[in-house]
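Values in this text are rule-based calculations from the coordinates and carry no lab data. All values reported here derive from a predicted model rather than from experimental measurement. Here Cβ is always computed from backbone atoms with ideal geometry, including for glycine, and neighbour counts include all displayed protein chains.
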Amino acid sequence: MIALGNLDVTAALTLFVVLLVSNTVHEAAHALAAKIGGDLTAYRGGQVSLNPLPHIQREPFGMVVLPLLTIFASGGSMCMGFASAPIDPIWAFHHPKRAALVSLAGPLANLIVAAIAFFALQWISYPETSEAAAVQRIAATFLMLNLLLAVFNLLPLPPLDGAGALSGLSKRIRVFYDNLQRLPMSGAITLIVAIYVMPSLFTPVWRTVTSWLDAPLR
């Protein structure tokens, strides 16, 4: 463990890298689903890729600056960030169901990463070496952050993926969400609501998933 004041640098770096990878997977899934559905906007921007660089180039603040700021401000206990994949709004208007699947692709990708991390934790239930213990900590971070990203993004609030998915159900719902997004500070309102509701939503999910592990996380 490397410490800088009260900050555990190793844990903070792990948190940052895991968030960077998880956001990259999330946005690459959006971009791939859009390409399959006929929208090549994100593909032409190089975002159908697990290379973080195209995603960082599109959202340097959300992918790098904000995560580092929140890590240092919280003493390594929290990491926040965001990214985005460009979608052609005209294509989305004409293909609402495909656009809804594009919205769902990101959270689904996070759930797949969380599942991989879960099975890794099952495999290393009781680490016997320092290397195995390090892998366990990394897998636990992947599990936590990807479950968190999936639950957060599935909230039915614009501009989150949950709202995008519901918009594909009917024209009335799509118009409702379009009007919501036109409200001043709609993104800030979504963030405030999410901060209040996420603990009550995520805590039971985390407790349930970790209860399925053969050994408790330490």
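See the values below:
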item	result
Conditions (1) within 25 Å of Ile138 (Cα to Cα); (2) within 18 Å of the chain's Cα centre (by Cα): number failed by Ala34	(1)
Qualifying helices (runs of 4 or more DSSP H) (wholly inside the range 45-153; at least 2 residues being buried (at least 17 other Cβ atoms within 10 Å of the Cβ) and among the small types (Gly, Ala, Ser))	96-123, 130-153
From Thr41, Thr70, Thr14, residue being polar (S, T, N, Q) and more than 21 Å from Leu149 (Cβ to Cβ)	Thr41
Sole exception among (1) closer than 20 Å to Val21 by Cβ; (2) surrounded by 15 or more Cβ atoms within 10 Å (Cβ to Cβ); (3) not aromatic (Phe, Trp, Tyr) for Leu217, by number	(2)
Single match in Leu201, Leu154 (criterion: under 17 Å from the mean Cα position of the chain (by Cα), in contact (Cβ under 8 Å) with a residue 24 or more places away in the chain and under 23 Å from Thr24 (Cβ atoms))	Leu154
Residue within the range 179-191 that is under 15 Å from Leu111 (Cα atoms), of a type outside the set (Phe, Trp, Tyr) and either touching a residue at least 24 places away in the same chain (Cβ under 8 Å) or surrounded by 15 or more Cβ atoms within 10 Å (Cβ to Cβ) (or both) present	no
Boolean, Leu68 is free of Cβ contacts under 8 Å to residues at least 24 places away in the same chain and within 27 Å of Gln136 (Cα to Cα)	no
